[in-house]
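Taking it in order: structure first as structure tokens, then the write-up.
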Amino acid sequence: KDIFDGDSKNAKTEEEKDINKEVTEEENQEEPAEKIYDISIVNTPSTITVNKDGKEQDVVVEIKNASNVALKKDELSVNIVGGVSTYAQYYHTSWLTQKRPALLDQIEIKPGESGAFSFLISLPTDVGEYNFQLQIVRQSGSQFTKIGKQFFDLKIVKTADEVMKEDKVEEGRVLGEKIYEEKQEETFVEKTKSIIKDIGDSIGDIIGDAVEIIQPFFYGGSGGGGGSSSPSVPKEKIEEVVEEIKIELPEISITDTSTMSWLTNIATTTIFGIKNSSTVAVYINEETSGLVYTTSTWQKETSLLEGPNTFEIFGQNEKGDKTPVISIEIILDSVSPTVPILNIEQINFVTPTLKINWFGTDDDTDVDNYDLEYNIGEDWIDILANSTSTDLEMDVEQGKTYDFRVRARDLAGNVSDWSGEDDNFYIIDWPKDVVINEVAWMGTSGIKNLANDCSKNEWVELYNNSPENIDLSAWSLDVVFNNGSIKTISLSGEIEHEGYYLLARKLGKTIKTLKNLEIGKFFESIDIPDDGGSLILKDGEGNIIDEASFDNGWPAGETIAGPNNNFHQPMARIFTTLPGSSSSNWETAKQLSAFGDTDKCGELFGSPSKKNNQLWLLKNPTFYYADLFQDNKLTLTKEYSPYVIDYQTEIPDGKILQIDPGVVLIGTDLSSYLRITGGLIANGTEEEPIVFTSARDTQYGDWNLPVFENMSNPNIPSSGDWSRIEVEDGGTAQIDNVQFLYGGHPFKKGTGWVYGLKILAQVFRVSSGNADISNSKFLYNSVYNSEPFYNSVIWIDVLNGQSSTVNLNNNIFDSGYTAINISEANSKFTIDANVTDNTIQNFSNPNGPLYISHSNPTLNNNIFSNNIFNGLSDDALLVEDVQTLDPSLSYIYSGIEITDSGELTIPAGTQLYLHNSTGIKNYGILYINGTVDSPVNITGHGGSWGKMIVDGGIFSANYLNITNGSGGSGMITLDNQSVATIENSQLIDSTRPGIVLKSTNSQLNLTNTTIGWSTPLPKNSPKSWHMYGIEMFAGNLNLDNIIFQEMTRGILGYNGATASMINMTSSSFVNISEMNWWPGGLVRSI
């Protein structure tokens, strides 16, 4: 009673006083405003190894107080995780309860101090590895709360081998002994409190009632004596204690425990499991929303993201105790596999057999199985279903067409689309090592003459599909007529791999169907029927190799084509690997052949000895290809590329030639050219440019045209392997992303004068036409020196009073004599030309790669490099409005004239060269805007030039270097009230004798400028020679820091001329032989 009530009349011992004092001091300590409870477990995880005979084991859980308050023994314990049933095998009789092994060893641990829990566990009986998990729990009244984020994880290894005790176990045992000894030294008060606390731990929220029960148990009532008997404990209180002890921690499980990872192709799924009755909530990724419960189950429907989805699941009871976390993974794969690729090959022809293989892929999971079907009629028939096989051999029937399709299924159950049915058909056919490739069953034309019936000039072409040369000895070609009769042509010789073999009709001794072609076999007295039949190719053993059977008429070929209905056009096979008896595998060959000739039977159609439907000869297109013009436009497609330009291929007025991207055009011989008086549209792309090139350019094919076969280097292209493109007489050309290679073969052209025939070498010629050329390349073109003026990659002129408009933008011109020549034959008509953003390099014209005559083109941002002269030359420049020269260019002019309405600006860095006796006439405004780093230079081209005349105009120059002008009457002359301002310049080395500057009735302002000659007058010069710096007749002169050097007289003034000087001394006149100025009063002082 004294202990609990604290009011005993008996005197307290000193020990009790100390205890009361300590308690009072603790109660008086100031507590933090917000209590934070936290611990860290120092020795987790831990591992112990024990012998197989071990029954129990000491365990120590070491902690550190991370709270901001002290943690006390009577409120801190270790609890098992997962419920009693989970850890029943570890239960030891020394535990406080079945779920609570021990309280804190220390009475109290303050913030930052360390402590421990020491207890025994029972060991499993069987050898193996076991996992034991605890959590640290703080009790406040009837509430138990886990503190700290960690768990204590202990791995127990029970082994059959003899195990030495580990240091950690020994230390734990010593610590336990120390704790026990400390317990032995507890006072009576402490022992009593401990007993009460132990009971309180068992009965939770009825601790107050428990004290009332235990107090009479010790003292027998309230009187303070010890003689009364102990009262009985109320039955309902005992039942409450027992019931409280039996409350379990929550338990849950996933219903399907066979795996913790699932694969699905459905974007929503239900996660479900079971639980015990004490579990009041289940958390999935820290959330409880959407969960549905029964007494013993739980479930939640959830949406999945593509790929792995991880779920962390745990249960919790009403006191906040949590189960161990269960981690599961659900992989969503809703993407079907790729459509499988199907390959089909016929491996037996005697007994027709197909070998089929297929494969598919899946980005997320592997392909699991396939379905394979075929069709020879209307219905699809299963071959394989849900099969893991990827190949199959199948017996088939000759002549039938089989369609196949396959689809893939992945591990998640996703199914791909069927493979394309149109791409996976196979016609059961003969081997086709050699095939019947082209047939002129109608002869070469409808022409008949006394010596020849051209409709009988039949021919057949064979093609070798195999990679080997094949000996055709004993092979045969059967011609089968509709009446059943057969005529056989015996073959001989060899056909090269991927090569051709011609059979041609021979009429009598002299008439041969084909000329200038290699014929493998001539045949006589056999007429291929016009109404259809069969051609059957057999090997030396009589096996059928290929067949073209059409009893109801041939599927292609034409006998009434052309304006006169007499063009005979053969039938050509489309695919050499598909059956010859399929009518859809043949087409009419409408092109003129660039190889071979008929024997007096007109033009040869088809492509004997060459790939079908390629190398169309563009000869007189409006006649031979009239039926191919659509809305007056003939289109050249990449499908039939390359095309061959004839020696003159013309597109007349009213017609258009359109060339698609990727098309290649070659010349039939060196003189081949394309003449446009109608329209040319050639728009390639950066990825697929249009190409005009040499027939020897093997980069685009090995064509073996006859004219080049006889050359010493038939496979090495050279400049001039074809001639040019002409746009004339109102024709138009739209050119974009086109390459012009190896062109420029010389040709002759009349000049309009008697004996005026000239030899020209040009690649693109515009004469009274219009052209837009952009993003194109002119490479490896001809350099012809016999008539160098007419040798130019681009030639532009105007004839017959017409006009030309040409835009050249962002092109590359590489190699040749002149890149661009803009030359009018009649100065009354002008050319509108724009030359912008082009690169011009490697040209050999000493006057520059750009020549202009009687024209005033727009020139902007062109790059000149590695030319003999990096600039342009012009007969004369006429400036009638505002114009600025391009500083990236150097200029050679035969004179410049600026009219009274004109304004010319010469920007910094410009190099200007003038021909002998030519000069600059300025009636308007001339600005020269040099800088200290990029002055403007004006000098002669190959010697001296004439003079600069400013007549009533304005001349302003800064940082100008002007040399080698004609000094006889003044290298620069001003007249008629002109105004000239010259600063920071060098006006030197005009011809001797002479005058540098001559001014008449004008205003001349000079600043920071040198006037004169750079070297002294030679000693042997005539004594009559006079060299003057400035000669003035009336007008005014202002000088500021001017140097006069190497002359007879510096300044001469007449007719009332006036002059002033500043910033000058006698040293400003260097080597003046007679006088610095005259008359003496011209300048008052220096």
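Placing a pseudo-label 7 Å from each Cα along the Cα-to-Cβ vector at residue 516 and residue 476 gives an inter-label distance of 3.7 nm.
Starting with the highest mean, order 1025-1035, 855-865 by the number of other Cβ atoms within 10 Å, averaged over the residues of each peptide. Spell out each step's value before the answer.
Details: 1025-1035: 20.7, 855-865: 17.3.
Going by the mean number of other Cβ atoms within 10 Å, highest first, we get 1025-1035, 855-865.
Label 7 Å along Cα→Cβ of residue 363; segment 396-421 residues with amide nitrogen under 13 Å? From segment 396-421, the list is empty. By DSSP, the beta bridges lying fully in the chain are antiparallel in about 40 percent of cases. Considering every alpha-carbon pair of segment 533-676, the percent of pairs per 5 Å bin, from zero through the bin containing the longest distance, is 2, 9, 15, 20, 19, 15, 9, 6, 4, 2, 1, 0. How high is the FRET efficiency from residue 98 to residue 334, r the C-beta distance, R0 45 Å, rounded to 0.05? Approximately 0.40, to the nearest 0.05.
Each Cα pair under 8 Å and six or more residues apart adds its separation to the average, and for the chain the resulting relative contact order is 3 percent.
For segment 252-332, the spread of Cα positions along the three principal axes, ordered from largest to smallest, is 38, 23, 19 Å. Once both labels are positioned 7 Å from their Cα atoms along Cα-to-Cβ, the gap between residue 382 and residue 881 label points is 8.3 nm.
On the principal axes of its alpha-carbon atoms, segment 876-1086 has extents of 44, 36, 30 Å, going from largest to smallest.
Once you wrap a convex hull around the alpha carbon atoms of segment 378-494, what is its projected area averaged over all directions, in nm²? Don't skip to the answer; put the middle values down first.
Working: hull surface 54.2 nm².
Averaged projected hull area, Cα only: 13.6 nm².
From the alpha carbon centroid of segment 844-876 to that of segment 59-108 is 98 Å. The distance between label points at residue 1020 and residue 587 comes to 8.3 nm (points 7 Å beyond Cα on the Cα→Cβ vector).
Remark on segment 283-378: ratio of C-alpha radius of gyration to 2.2 N^0.38 Å is 2.02.
Taking 0.36 nm per residue of separation and subtracting the Cα-Cα distance, what length does fully extending residue 88 through residue 286 add? Display every interim value, and only then the final one.
Working: separation 198, 0.36 × 198 = 71.28 nm, distance 2.86 nm.
Between residue 88 and residue 286, full extension yields an extra 68.4 nm.
Quick one: Cα centre-to-centre distance for segment 451-493 and segment 717-739, in angstrom? After rounding, the separation between the Cα centres reads 43 Å. Legend: residue pairs 590/749; 487/515; 610/758; 521/611; 521/600; 432/512, Cα-Cα distance threshold 27 Å; pairs beyond threshold, 590/749; 610/758; 432/512. Computed from phi, the 3J(HN,Hα) profile of segment 775-784 under the Karplus parametrisation 6.51, -1.76, 1.60 (θ = phi - 60°) reads 6, 10, 10, 10, 10, 6, 9, 5, 10, 10 Hz, with x in place of Gly and Pro.
For the chain, the longest principal axis of the C-alpha atoms and the axis of helix 207-219 are separated by about 30°.
Working value for the chain: equivalent-ellipsoid semi-axes of 101, 65, 22 Å, each the square root of 5 times a Cα gyration tensor eigenvalue, largest first.
All of the numbers you see were taken from the coordinates with simple rules; none came from a lab. Remember, predicted model here, so these are calculated numbers, not experimental data. Neighbour counts are summed over all protein chains in view; Cβ atoms, including those assigned to glycine, are modelled from backbone coordinates with ideal geometry.
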